Structure formats: C-alpha cells, structure tokens
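Structure, as structure tokens:
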Amino acid sequence: MRLPPDARRRVRIERITPEIDAGRWPAKRILGDPFRVEVDLVCDGHESVAGVLLYRPTGTTAWDEVRLEPLVNDRWHGTFELSQLGWWQYTVEAWTDEFATWRKLLDKKLEARQDVSLELQVGSEIVAQAARRASAQAGPELERVARILRSTRTARDTKIDAATDERLRELMAAYPDRSRSTWHDVVLEVRVDRPKARFSSWYELFPRSTTGSGNHGTFRDVESVLPYVASMGFDVVYFPPIHPIGTSHRKGRNNALVAEDGDPGSPWAIGDKTGGHKAVHPELGTLVDFRRLVAKAKDYGLEVALDAAFQTSPDHPYVTAHPEWFKKRPDGTIQYAENPPKKYEDIYPFDFDSRDWRGLWRELHSIFLFWIEQGVRLFRVDNPHTKPLRFWEWCIRDIQTRHPDVVFLAEAFTRPKLMYALAKAGFSQSYTYFTWRNTSRELTEYLQELTETDVGEFFRPNLWPNTPDILPEHLQFGGRAAFIARFVLAATLSSSYGIYGPAFELMAHVARPGSEEYLDNEKYEIKRWNLEDPNSLRPIITRVNRARRECAALQGNVNLRFHKTDNDQLLCFSKQTLDGQDSVIVVVNLDFYHRQSGWVELDLDALGMDSQETFQIHDLIAEARYLWRGPRNYVELEPQLVPAHVFQVRRFVQREQDFDYYA
C-alpha cells in the first residue's frame with residue numbers, strides 16, 4: 001500500500017479568514033490598511049506549532065512573511081500592511097516547532113527540579129542544526145550556544161541560562177526547520193483600492209438641467225453648479241449618460257410612448273447619427289469641454305463619475321455596423337428592452353451570447369478605456385446584473401490592472417446573491433436594499449448582514465435614499481422629517497452614500513399615482529431647479545457631510561454596532577475607529593409624524609468605555625452638548641425640528657495636574 005507523500009506534515013491549516021468561497025474571490029481592502037489574517041493551526045500530540053503569514057503583490061515571485069502569533073484555542077493571527085494598489089496574494093505556512101517543544105519540556109522539568117542533563121544535550125543538537133540553517137552572522141552565535149549546551153565542563157546553571165535566554169528564542173524562531181511544513185491549499189487574494197472605494201459622498205445631477213431656465217444645459221453650465229455641490233461637502237458628482245440620444249421611439253414626458261417636439265428623450269437611449277458611447281451629446285458641448293469640466297471639478301475637490309449603460313437606441317451606429325450584437329425576433333426586428341409590464345421601445349439591449357460575443361466584449365471594454373483617457377476614474381454601471389458575470393470578472397480585472405485607481409459602482413437592484421456575486425466579480429461598491437428598509441428591525445438586520453458577516457469582506461454598500469428611478473413611499477408622504485431622517489441614516493450607516501439631487505434637497509415628493517416613480521420625471525424632460533430655495537435641506541446636508549469628513553469613525557463600516565432602545569421608533573447605532581480614538585453615536589426617530597422618546601442602552605464594552613463613566617456627547621447637527629453617564633440615557637426627538645442626533649463622543653481624561661479635559 002502506497003503511503004501519502006505528505007504524511008509527515010503534521011500541522012493542519014483550517015478556517016483561514018478572510019477566505020471568500022474557498023479562495024475563489026479576493027477580499028477587499030483600502031490602500032494603507034493593516035491586513036489581518038486569522039487561522040487555526042491544529043497538530044496532534046503535544047508538539048508546539050509555529051507559522052508565518054506569507055504575502056506579496058500579485059504578479060511578483062518573492063514572498064515576504066510575518067510570524068503568526070497565538071490567540072486562543074489553536075487560533076493564530078498575523079498582519080501586514082497593504083502598501084500599493086492592486087491585488088495582493090497571501091497564504092499560511094506552518095510547522096511543528098522542535099525548539100519550542102523542547103523548551104516547554106525543559107521548563108517543566110526545571111520547575112519540577114528534575115535532572116535536565118540529557119535535555120540539554122538534545123537541545124545542543126537542535127541549536128546546532130539551526131546554526132547550519134542560519135545566516136553568516138547568526139550561525140556562529142547559535143553554534144556558540146550549542147557548544148555550551150553540550151559541554152561537559154560548563155556549569156549547569158550557565159547551560160540553563162544559555163538555554164533559556166530570550167535571545168536564543170528569537171534566533172531559533174528566525175531559523176526554524178521548515179522542511180516538513182504545511183502550506184495552505186490555496187493562495188488567496190485581497191484587492192486593494194484607493195480610499196474613495198470605501199468613503200465617498202455621491203451627488204447625482206442631470207447636466208442638461210443646470211441652466212435654471214429650462215433650456216438645455218451645457219458642460220459650461222455644469223461648471224457653474226460645481227461650487228454649489230462642493231459647498232454641501234460632496235466629493236463625487238455623478239452624471240447620467242452624457243451621450244447623444246436617439247430619436248426613434250423616443251419617449252415623451254412621463255414616459256409617454258410618443259414624444260412631442262422639443263422633448264429631449266431619455267439619456268439611457270444612447271446613440272444617434274452623431275455618435276454613441278464614445279461621443280457626447282452635441283448640446284452639452286465637446287470632449288474638450290468635458291475634459292475641462294473634469295479638471296474644474298477637481299479644483300473644487302470633486303471627482304466626476306460617469307454612467308456606463310451598455311445598451312443602445314435604435315439609432316446607435318452599432319445597430320447598423322454590428323447587427324449581430326443584437327437579438328432578432330422571429331419577424332426580423334431587433335428585440336427592444338422589456339421588464340413586463342414596462343416596455344422600453346427606445347432601448348436595444350446587447351446580446352452577450354451573439355456569435356460575435358468576443359467582438360462585443362472587447363468593444364464594451366474599450367468604452368471604459370476611452371473615458372479613462374478623458375480623465376474619468378469613477379463609473380456607475382447601469383443594471384450590471386443583466387450582463388454576464390464572466391464579462392464583469394474579465395473586464396473589471398483588466399481595467400483595474402491597467403488603471404488600479406478605477407472604482408466601479410454597481411447599480412444592481414436584484415436578488416441578494418446576484419448582488420454579492422457582482423461584488424465578488426470585481427465591483428468596488430454596490431447599491432443596496434436600504435431604500436426599502438424602514439423599521440428598526442429591518443435596518444438592523446440588513447446592516448448587520450452587510451457589515452458583521454463575511455459579506456463585509458467583499459461587498460461595500462453605497463446607500464441611496466432616492467434615485468431618478470425610485471421615489472420611495474416614505475419620501476412621498478413623510479415630509480421634511482422623512483427626507484432628513486433617511487439622509488442621516490444613509491450618510492452614517494454607510495461610509496459611502498449618494499443622493500439624486502437637486503430633487504432630494506428640494507424635497508421633490510410627487511409620484512405618479514400608485515408608483516415609486518417621480519411625476520414629471522427628469523429622465524424625460526429638462527427640469528428647472530431653484531437651488532436658492534430657502535426651504536432646501538442644503539444646510540443640514542452640509543453639516544452631516546462636514547461630520548463625515550471630521551469624524552474618522554464615519555469613514556468605515558467595520559465597527560458599526562446597534563444598541564438597544566425601549567422604543568422601536570428610535571434606532572440607535574454607533575461607529576468607532578479601530579484604535580478607539582473616535583466614536584460616534586447616532587439616534588434617529590423613524591416616526592416622521594410624532595415626537596418619540598425613550599431610553600437607549602449603550603453597549604459600553606463595544607465602545608471601550610466603563611459602565612460608570614461620564615462622557616460628553618456633542619450633537620454635530622444641532623451643535624448641542626450633553627453629559628451622559630453609564631449605559632442608559634434618555635433621548636427625545638421631535639421630527640418637525642430635527643429627527644436625528646449625530647453625537648461625537650468626547651471622553652474625560654485625567655491629567656497630572658488633576659483637572660479634566662475633553663479628549
């Protein structure tokens with residue numbers, strides 16, 4: 001009977017985290033993050049175990065390593081810093097540690113006052129073997145210790161001192177016998193993005209609606225709106241498609257089947273005789289104007305994001321140049337887009353299973369490269385779940401290999417597992433179901449799923465309270481309080497969020513009867529927005545965005561924790577930086593019509609605070625300050641004033657001079 005070739009490799013490597021689907025997909029992190037890996041190292045018998053976390057940028061050959069440190073119950077951990085964008089590989093190697101096993105036995109015999117002369121001889125051979133593996137500098141030092149341990153003339157206490165010296169332990173750990181080590185079965189990966197992939201505030205606007213007069217806006221008109229967007233604290237300005245719009249089957253106002261003269265059509269019906277996905281709408285300007293706009297946006301601390309909608313109007317040049325890229329119906333016509341009962345006669349979807357699918361894939365890939373050349377590094381992708389996962393896996397990987405700073409946002413309102421599959425395939429961020437999570441229980445369970453399970457390793461939520469397609473019922477009828485509460489929830493529950501404006505800050509709330517779609521939808525007409533409306537939510541949006549910039553706790557999701565309240569209409573949660581230096585507590589009244597009050601019960605252990613500690617909370621919206629003590633504290637929120645608190649925690653610290661100050 002043939003024996004297994006690795007029979008003498010005794011350490012088993014189990015339950016390594018993070019590990020997404022047995023290593024099929026990378027975890028996600030941000031440039032500069034410390035990347036912590038945990039693993040079980042299991043060995044039979046009483047031998048000690050040692051191991052290292054191996055890591056390298058993907059594409060390189062040499063491994064760096066950091067020693068694994070024990071936690072509890074055979075659990076170990078190691079950490080390395082992600083110092084460059086792109087993909088990193090990591091794995092674990094472990095072995096039985098002969099020296100540590102010997103030291104453990106020696107210590108026990110010394111404690112029991114037993115004879116250790118034979119153990120010292122055994123130790124001398126273990127150290128001598130390490131000397132032969134060691135560097136030219138460390139080898140002689142180890143050989144000297146080996147001679148002391150085997151010498152018959154050296155005093156026992158001197159030998160014991162040499163055997164138990166901390167320097168010897170360090171040298172032996174540096175040069176272990178790894179000839180029978182075990183490697184983890186899979187080399188794992190982590191994708192490293194720039195910080196905006198984790199922390200971003202998106203503002204969506206239609207460039208054609210930026211004149212304020214009802215005339216078609218231009219990129220120069222958009223430039224005049226940039227100070228307004230920047231003043232509210234946003235760092236991304238996102239445009240729906242800016243390409244030429246088809247005229248065949250153009251939709252009229254409110255999605256009417258027949259357009260009237262002057263109706264501009266839907267920006268998502270892309271393409272006409274002037275061009276397609278690599279052209280701009282002639283009334284917006286030129287590519288030169290667009291590049292100027294991108295540069296101007298940077299001057300205001302804004303980054304331009306573009307919509308990538310892979311579909312065409314019937315007038316797109318692709319339709320005549322590449323009819324094989326579209327699906328034909330039995331009557332010979334091209335299949336237009338449908339989502340019964342909705343029909344989109346003005347839009348043709350691509351057939352990703354066409355006989356020339358390779359040509360189609362390459363062309364769509366080239367669209368991203370084209371706009372990257374124009375200065376764009378952020379893409380919001382329209383309906384990615386209707387395109388093959390394999391396409392996104394290939395396309396995003398190649399784009400980010402060429403341009404590691406590119407960020408992709410998936411607009412995928414679809415089945416949860418498909419949304420997660422898109423994130424695994426490479427999308428940096430994703431829209432979520434937040435828009436339809438309303439109760440305390442719904443919000444708590446959903447955000448816990450996104451942040452406290454392994455979903456948080458690869459899925460970055462971007463929360464939107466509204467979009468041009470979605471005007472949820474609570475915004476239709478909840479009034480100003482609903483807009484403020486949902487905004488605060490989006491901006492604080494997640495480190496990335498977005499709003500469709502100016503509809504949001506101006507509280508546009510009238511829907512087509514029986515629907516979640518805006519009446520007089522901007523998708524089909526040019527709007528006139530009064531950006532100076534005194535009732536605008538601009539001031540409170542500005543304050544919350546300022547809090548997001550100033551509070552590091554709001555710039556990530558890893559330490560989101562929910563706290564109990566005795567009133568289901570009050571939602572309480574906190575965020576904290578990993579080092580515990582910044583903590584934020586948020587309380588929101590989910591009842592948009594009535595004052596709600598109650599007691600919050602803080603999990604002070606999660607906040608790293610003492611149960612009897614007194615601390616100050618600074619309301620970053622109302623600028624009020626309160627003293628809280630212990631876990632139970634009272635709150636009262638009147639929705640017609642401000643339906644939410646965003647508290648920054650300021651703890652008292654005792655100084656040598658014996659007076660208190662706020663940390």
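Can you tell me the alpha carbon radius of gyration of segment 286-362 divided by the globular rule-of-thumb value 2.2 N^0.38 Å?
Normalised Cα radius of gyration, segment 286-362: 1.49.
How many percent of all Cα-Cα pairs in segment 430-548 sit more than 25 Å apart? The partial results should precede the final answer.
Details: 1746 of 7021 pairs.
That fraction is 25 percent.
Only four residue types carry charge here, +1 at the Cβ of Lys and Arg and -1 at the Cβ of Asp and Glu. Report the dipole size of the chain about the Cα centre in Debye, rounded to the nearest 20.
The calculation lands at about 1340 debye.
Write down the accessible area per residue of segment 553-663 in Å², having rolled a 1.4 Å probe over the full set of protein chains. Before the final figure, lay out each step's value.
Numbers: 5700 Å² over 111 residues.
Here the residues of segment 553-663 average 51 Å² of exposed surface.
What FRET efficiency comes out for ASP44 versus ARG153 if R0 is 41 angstrom and r is the Cβ-Cβ distance? Round to the nearest 0.05.
For R0 = 41 Å, the calculated efficiency reads 0.55.
Tell me the net charge near ARG632. Cut-off is 12 Å between Cβ atoms, ARG632 excluded, with +1 for each Lys or Arg and -1 for each Asp or Glu.
Charge balance near ARG632 sits at -1.
With all protein chains present, how much of the accessible area of segment 1-103 (probe radius 1.4 Å) comes from carbon and sulfur, to the nearest whole percent?
Roughly 49 percent of what the probe reaches on segment 1-103 is carbon or sulfur.
Heavy-atom accessible area per residue, segment 470-524, 1.4 Å probe: how many Å²?
Working: 1400 Å² over 55 residues.
Per residue, segment 470-524 has an accessible area of 26 Å².
Report the gain in length on full extension from PHE652 to THR320: 0.36 nm times residue separation, minus Cα-Cα distance, nm rounded to one decimal.
Once the chain is fully extended between PHE652 and THR320, it gains 112.4 nm.
How big is the antiparallel share of DSSP beta bridges in the chain, given as a percent to the nearest 5?
75 percent
LEU369 accessible area, nearest 10 Å², 1.4 Å probe?
40 Å²
Just from the alpha-carbon atoms, what are the Rg and Dmax of the chain in angstroms?
30.8, 108
How large, in percent, is the carbon and sulfur part of the accessible surface of segment 140-219 at a probe radius of 1.4 Å?
On segment 140-219, the fraction of accessible area on carbon and sulfur atoms equals 47 percent.
Using a simple spin-label model with points 7 Å from Cα along the Cα→Cβ vector, what separation in nm is obtained for ARG292 and GLN114?
Modelled inter-label distance: 8.7 nm.
Can you spot the lysines whose alpha carbon is less than 22 Å from LYS527's alpha carbon? Ignore those fewer than 8 places along the same chain.
Hits, sequence-local ones excluded: LYS251.
Need the full-extension length gain, VAL72 to TRP436, defined as separation in residues times 0.36 nm minus the C-alpha distance. One decimal, nm.
126.9 nm
In percent, what relative contact order does segment 193-268 have, based on Cα pairs under 8 Å that are 6 or more apart in sequence?
Answer for segment 193-268 is 26 percent.
Counting pairs of Cα atoms in segment 171-304, how many percent are more than 27 Å apart?
Across segment 171-304, Cα pairs with separations above 27 Å total 42 percent.
Say a site is exposed when it is one of the GluC sites (Glu not before Pro), sits in a DSSP loop, and has at most 13 other Cβ atoms within 10 Å; what is then the longest site-free stretch of the chain?
That would be 261-531.
Leaving out ligands and nucleic acids, note down the accessible area per residue over segment 73-171 with a 1.4 angstrom probe, in whole Å².
Per residue, segment 73-171 has 55 Å² of solvent-accessible surface.
If you take every residue apart from ARG402 with its C-beta less than 13 Å away from the C-beta of ARG402, what net charge results, scoring Lys and Arg +1 and Asp and Glu -1?
Once positives and negatives cancel, what remains is -1.
The values are calculated or read from the model by the stated rules, or taken from the named source; none is laboratory data. Given the structure is predicted, the values throughout are model-derived calculations rather than measurements. Methodologically, a virtual Cβ is constructed for each residue, glycine included, from the backbone with ideal geometry; neighbour enumeration extends over all protein chains shown. SASA here: full protein model, heavy atoms, side chains in, ligands and nucleic acids out. Shrake-Rupley method; radii C 1.70, N 1.55, O 1.52, S 1.80 Å.
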